[in-house]
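**Student:** A single structure is presented below for examination.
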Amino acid sequence: MFIGVAGLALGLTVGGVMMVFALGLGLQATAEGEARQNAEGVAALVEADTVPVPLPVAGDVWVQVVDDHHRVIYASIDADRMTPVLGEDKMARARAGDSFDIEGDRPGLRGPATVVAAQAGPDTVLVAKSLADLSQSVRLLRTILLIAFPLLLIALAAVAWRVIGLTLRPVEALRSGAEEITGGARPGQLPLPDSHDEIHRLAVTLNGMLDRLEAARARQRAFVSDAAHELRSPLTNMRTQIEVAQRLGERTDWPAVADDLLLDTQRLSRLVDDLLLLARADEAGTRTLRAVPVELGELVTSLAERYPSPPVTAAVPDDPLWISGEPEALARAVANLVDNAVRHTRTTVRVEVRADGPYHLVTVADDGPGIPVADRARVFDRFTRLDDARARDAGGAGLGLAIVRELVRRHGGTVRLADATSGTGLHAEIRLPAAPAP
């Protein structure tokens, strides 16, 4: 605010000085032009030898006609008839067109004056134009500016203070709201100003950002809570088994205890691997995908070879179907669907690859009990299990489908669940953008 007022004061000062200077130059040029016009008129009378006595003048003008011996031969009614207004040293320069300013200390000449000359044969016409009225005009303007300038500056500063205050009031409200939110005094919403201007749009944008941050924090808290719960379960089982074995002493069946501990350790290892994979998938969403050409038929074929046939069979087309992505991530996404299908199928699991316009599809179908339509969207959420007891027995933590969705989304694709075409079971479909052959 003070910098703005200082800049305004400097601008007004420079403008006022330039105005006074320009007015002075303009009035000076006007006076000099009027004097030169009078000099040329008297010179014409001298050359025509029709000079009236005294010389006719109008206004604050002093006229002398000086001969080549520097003597005054004609003069206006108020002009000095004895001494020329310019000395001999300045007379030649005046005849060449120069003008001179003199002090108004001559009889009949009021205030400072400007003097010009005109040649009339051997004689010289000298005209002195009084600058008293012009100087008074400049002094009057300077006085008005000196009086009006502080008043104008104060008025402008007050208006600027008021306008800036009204403009920054919503910003101060946003700052106060942000401070309260940071301090935890109230929920995360900034106040919206009444005016629908840039500040209002900024507040709306900031509120949207705060909502997304709050949602992200909520997801993070839920994720940490669920992860802690899932990690605690196998650890509790392992601790219980060890404590029971210690109490039984020599009666403990240590090979059976070791087998149980190994199962819990494997379950714990898979859970940690899944958590790390999800964390890396979240981090990867902020960086560029390190994509290479991937042939879906080859990927699915190599994946199906890990399972016995039956229950897993693969159907791939003769022509290669190329996509762009990270092979390990894509293989993990398809493997999770196959693992889930193998866990719940009754007889076989069929994995198929086919083209569908600008997309390539990978479908995994089983003939198991399927998933109700109402639950097909939420099974992709993390730590979601429709049958907790069965999932725990199978070693699942409800992260498999969540990993599939994150990896497919990162590759620009989608995944969905539907009823199997045979009428029973589940049909999972991954849709990925097709890429040209390398």
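The values are calculated or read from the model by the stated rules, or taken from the named source; none is laboratory data. Model, not experiment: these values are computed from the prediction. So basically every Cβ, Gly included, is an ideal-geometry build from the backbone, and we count neighbours across all protein chains shown.
**Student:** Among the numbered criteria (1) at pLDDT 85 or above; (2) closer than 22 Å to LEU263 by Cβ; (3) crowded, with 16+ Cβ neighbours inside 10 Å, which one does ARG392 miss?
**Tutor:** Going through the list (1) at pLDDT 85 or above; (2) closer than 22 Å to LEU263 by Cβ; (3) crowded, with 16+ Cβ neighbours inside 10 Å, ARG392 breaks only (1).
**Student:** Could you give every pair whose Cβ atoms fall below 7 Å, whose first residue belongs to the stretch 303-329 and is touching a residue at least 12 places away in the same chain (Cβ under 8 Å), and whose second residue is charged (D, E, K, R) and part of a loop (DSSP other than H, G, I, E, B), counting only separations of at least 6 or pairs across chains?
**Tutor:** GLU326/ARG290
**Student:** Filter the stretch 360-377 down to the residues that are of a type in the set (A, V, I, L, M) and not in a strand (DSSP E or B), then identify the one that is nearest to the chain's Cα centre (by Cα).
**Tutor:** Top of the filtered list is ALA377.
**Student:** Still on this structure, please answer the following. Filter the stretch 338-365 down to residues that are closer than 15 Å to ILE323 by Cα, among the aliphatic types (A, V, I, L, M) and touching a His at 6+ places or on another chain (Cβ under 8 Å), then give me how many there are.
**Tutor:** So the answer is 1.
**Student:** Given the conditions (1) under 48 Å from the mean Cα position of the chain (by Cα); (2) modelled with pLDDT of 90 or more, which single one is not true for SER302?
**Tutor:** All conditions pass for SER302, except number (1).
**Student:** Still on this structure: Of all residues being surrounded by 10 or more Cβ atoms within 10 Å (Cβ to Cβ) and modelled with pLDDT of 75 or more in the stretch 49-59, which is nearest to THR114 (Cα to Cα)? Just the residue, please.
**Tutor:** Result: LEU55.
**Student:** If I ask for residues that are in a helix (DSSP H, G or I) and touching an Asp or Glu at 6+ places or on another chain (Cβ under 8 Å), which ones from the stretch 314-359 would you list?
**Tutor:** ALA341, VAL342, HIS344 - these are the residues of the stretch 314-359 that are in a helix (DSSP H, G or I) and touching an Asp or Glu at 6+ places or on another chain (Cβ under 8 Å).
**Student:** Here is a further query. Given the residues HIS360, HIS344, which is the only one that is within 21 Å of VAL408 (Cα to Cα), assigned by TED's automatic domain parsing to the domain that holds ALA418 and not aromatic (Phe, Trp, Tyr)?
**Tutor:** HIS360
**Student:** With the structure loaded, tell me whether VAL338 is closer than 30 Å to ARG232 by Cβ and in contact with a strand residue (DSSP E or B) (Cβ under 9 Å, 6 or more places away or on another chain) or whether it fails that test.
**Tutor:** yes
**Student:** Condition check: loosely packed, with under 12 Cβ neighbours inside 10 Å and modelled with pLDDT under 75. Does ARG186 satisfy that?
**Tutor:** When the stated conditions are applied, ARG186 passes them.
**Student:** Do any residues in the stretch 108-135 that are in contact (Cβ under 8 Å) with a residue 40 or more places away in the chain and in the same structural domain as ASP98 (by TED's automatic domain parsing) have Cβ atoms under 9 Å from those of residues that are part of a strand (DSSP E or B) and among the basic types (Lys, Arg), where the two are at least six apart or on different chains, and which pairs are they?
**Tutor:** Matching pairs, first to second residue: ALA113/LYS129; THR114/LYS129; VAL115/LYS129; VAL116/LYS129.
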